[in-house]
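What follows is a set of notes on a single structure, which appears directly below.
The values are calculated or read from the model by the stated rules, or taken from the named source; none is laboratory data. Predicted, not measured: the structure shown is a model, and the values here were computed from it. Don't worry about glycine lacking a Cβ; one is built from the backbone with ideal geometry, like all the others, and counts go over all protein chains shown. These area figures cover heavy atoms from the full protein model, side chains too; ligands, DNA and RNA do not enter into them. Shrake-Rupley method; radii C 1.70, N 1.55, O 1.52, S 1.80 Å.
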Amino acid sequence: MQGESTESNPEFRVGKRVHSAGDPRRTGTVKYVGPIQGYSGAWVGVDWDSGDAKHDGSVNGFRYFQARSDRSGSFVRAHSLSPGISLLEALQLRYRVQSTKEEEDEMYVLSTSNKRVSVQLLGKDKIQDKLSRFEELPSASISYMGVSTPGVPCHIGTTVPKLKELDLTGNLLSEWKDVGTICDELPSLAALNLSNNLMLHEIFELPQLKSIRILVLNNTGINWMQIEILKDSLPAIEELHLMGNTISTIQPTSSFVVQGFDSLRLLNLDDNCIAEWDEILKLSQLRSLEQLYLNKNNLNRIYYPDKNRMPEFLGGNELQKESLMPFENLCCLLLGGNNIEDLASVDSLNTFPKLVDIRLSENPVADPGRGGIPRFVLVARLAKVVILNGSEVSPRERKDSEIRYVRLIMSKSHDNPEEIKLLHPRFAELKNSHGIDDEKPSVGATGLQKMASGLLSITLKCVGPSIGEKPPLTKKLPATTTVGKLKILCESFFKLKSIKPKLFLQEEGSPLPMLLEDEMASLMDLGIGNESTILVDEES
């Protein structure tokens, strides 16, 4: 039945990308063209990208097509759909349409007396003149305009010959040969964004895209096998963005590891479905890779491959003879929103040769609320990190974090040096570098007792709305002061009668203060150091 009326309405053949008439953001794929039992005339069955429709492609128990979900399909009349426009038509609409007198009359603001005051766009004519001179246009954004074809190929290069950046997000392109036509006509094009265009899996008729440096393919349905095919057409690619493509495996074609991509500096694999770190290790031989984005995948551990085992890892491939150190130039690794919960994964990040920018937020290991470790412990365990979770680690934060971390470990009174070395690989190094005494328990005061007898300078700041404005107080407190005792002291210091205080530790570089909720824990137990700031809030 699918082919019955397709030829009579070629604009809406099966597989064609379309959008709802009047709404270019509501896009979908034609899955059926023809009659429906019990209804007159021809209908077009569409599987909508948004998944917000009526059914799964069947009506009254008869299936006409299979939609992606139970309610992503619907049947509409042809006049309710648009097959899209050409790239050049979209450029004309976006950059050459003059505003009408009626539209300009509608440009106003309300004065203080609620009267309409017309808005004069400063330099409007000058801006429009510049935009309308297509031969000078360096960048263009024609996102969500229903672009479905390049148009007449030879007209593209002559119309926008200097175009360097082109944003085609959310249009109706699906065939790679059309992408090739556009790039072939624009020899200066360096950045191309095809996000939210549902691209076909077959890649053919694609020329060498020698000028493309940045390619964005987010939410296009692409998989790694297609990336391997595209790779040969992208000799100069420096940034490749592949977010939201449900990629779960990385499948090199000629060896165990991905080869080529000699200029690739940034690879964005955020919001995919990669669960095994072994898949990521297939990227370890990309010689220019500096930034790897893996946020919002399903990774639960990280490790750095032993150089001595690299031949085994490479599967005995000839590449082993000239293999690079794994991730030789990687300096930024973003792992936010995964399932990492072990400290061994955190410690392994020290082994990456140049890694200084790390994101671990929204992983169990970095979430104190889920049994993870706070920021200061991450800073102390990660020897080279300069940017953690998007926030710079200053020299002062590093020093304070490392000292606080050492104090914390010492307060746990480990008796077994081998156990400490195993669980806290940097402990001995940090203790020595900061000159912290390591006294053994003996008759008289131990090192811990000396620590406990010392006084810490703590600044208390009131932030609770009901507490009122009170100047900060700096107090000398014993390191053994518990959180519960400190709450009682705050009630006295700030004369809080009916307000129950809630305490937070304000840490440099951390976007949010850390709640101090264990009332039995002492300042020493929590690793809180001298000159720390504690915020005094109120129980809600």
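If you take the residues of region 497-519 that are in contact with a helix residue (DSSP H, G or I) (Cβ under 7 Å, 6 or more places away or on another chain) and open to solvent by 70 Å² or more (accessible area, probe 1.4 Å), which of them is nearest to residue 470 (Cα to Cα)? Explain how you work it out, then say what you get.
Applying the first criterion (in contact with a helix residue (DSSP H, G or I) (Cβ under 7 Å, 6 or more places away or on another chain)) to region 497-519 yields 501, 503, 507-510, 514, 516, 518-519.
Filter once more, so that each one left must be open to solvent by 70 Å² or more (accessible area, probe 1.4 Å): 508, 518-519.
Values: 508: 22, 518: 26, 519: 24 Å.
Within region 497-519, the match that is nearest to residue 470 (Cα to Cα) is 508.
Out of (1) outside any helix (DSSP H, G or I); (2) under 18 Å from residue 153 (Cβ atoms), the odd one out for residue 199 is which?
(2)
So residue 260 ticks every box in (1) surrounded by 19 or more Cβ atoms within 10 Å (Cβ to Cβ); (2) over 23 Å from the mean Cα position of the chain (by Cα) but one. Which box is left unticked?
(1)
Counting only residues that are over 28 Å from the mean Cα position of the chain (by Cα) and not β-branched (Val, Ile, Thr), how many does region 181-201 have?
Just the residues of region 181-201 that are over 28 Å from the mean Cα position of the chain (by Cα), to begin with: 181-182, 184-188.
Then keep just the ones that are not β-branched (Val, Ile, Thr); that gives 184-188.
The number of residues fulfilling the criteria is 5.
Mind checking whether some residue in region 317-337 is among the small types (Gly, Ala, Ser), over 22 Å from the mean Cα position of the chain (by Cα) and modelled with pLDDT under 95? Explain how you work it out, then say what you get.
First pass over region 317-337, keeping only residues among the small types (Gly, Ala, Ser): 323, 336-337.
From what is left, the residues that are over 22 Å from the mean Cα position of the chain (by Cα) are 323.
Retained after the next criterion (residues that are modelled with pLDDT under 95): 323.
Yes, because at least one residue in region 317-337 is among the small types (Gly, Ala, Ser), over 22 Å from the mean Cα position of the chain (by Cα) and modelled with pLDDT under 95.
State which residue is surrounded by the fewest Cβ atoms within 10 Å (Cβ to Cβ) when the search covers only region 135-191 and only residues that are touching a Gly at 6+ places or on another chain (Cβ under 6 Å) and among the small types (Gly, Ala, Ser).
143
When the residues of region 523-537 are narrowed to those that are surrounded by fewer than 19 Cβ atoms within 10 Å (Cβ to Cβ) and at pLDDT below 90, which ends up farthest from residue 471 (Cα to Cα)? Steps first, answer last, please.
Taking region 523-537 and keeping what is surrounded by fewer than 19 Cβ atoms within 10 Å (Cβ to Cβ), we get 525, 530-531, 533.
Add one more test, that the residue is at pLDDT below 90, and what stays is 525, 530-531.
Numbers: 525: 28, 530: 20, 531: 17 Å.
So, considering only residues that are surrounded by fewer than 19 Cβ atoms within 10 Å (Cβ to Cβ) and at pLDDT below 90, the one farthest from residue 471 (Cα to Cα) is 525.
Which of (1) of a type outside the set (Phe, Trp, Tyr); (2) in a loop (DSSP other than H, G, I, E, B); (3) surrounded by fewer than 18 Cβ atoms within 10 Å (Cβ to Cβ) does residue 53 not meet, given it meets every other one?
All conditions are met except number (3).
Taking only region 232-248 into account, find how many residues are over 16 Å from the mean Cα position of the chain (by Cα) and open to solvent by less than 30 Å² (accessible area, probe 1.4 Å). If you could, list the steps in order and put the result at the bottom.
Quick first cut of region 232-248, residues over 16 Å from the mean Cα position of the chain (by Cα) only: 232-238, 248.
Next, from what is left, pick out any that are open to solvent by less than 30 Å² (accessible area, probe 1.4 Å): 233-234, 236-237.
So the count comes out to 4.
If residue 284 meets every condition in (1) assigned to a loop (DSSP other than H, G, I, E, B); (2) open to solvent by 60 Å² or more (accessible area, probe 1.4 Å); (3) over 27 Å from residue 169 (Cβ atoms) apart from one, which number is that one?
(2)
Could you list all residues from region 347-366 that are acidic (Asp, Glu) and touching a strand residue (DSSP E or B) at 6+ places or on another chain (Cβ under 8 Å)?
Initial filter on region 347-366 (acidic (Asp, Glu)): 347, 357, 362.
357 - this is the single residue of region 347-366 that is acidic (Asp, Glu) and touching a strand residue (DSSP E or B) at 6+ places or on another chain (Cβ under 8 Å).
Output the residues belonging to region 85-103 that are among the small types (Gly, Ala, Ser) and either modelled with pLDDT under 90 or open to solvent by 30 Å² or more (accessible area, probe 1.4 Å) (or both). Break it down into steps so the answer makes sense when it comes.
Step one: of region 85-103, the residues among the small types (Gly, Ala, Ser) are 86, 90, 99.
The one that is among the small types (Gly, Ala, Ser) and either modelled with pLDDT under 90 or open to solvent by 30 Å² or more (accessible area, probe 1.4 Å) (or both): 99.
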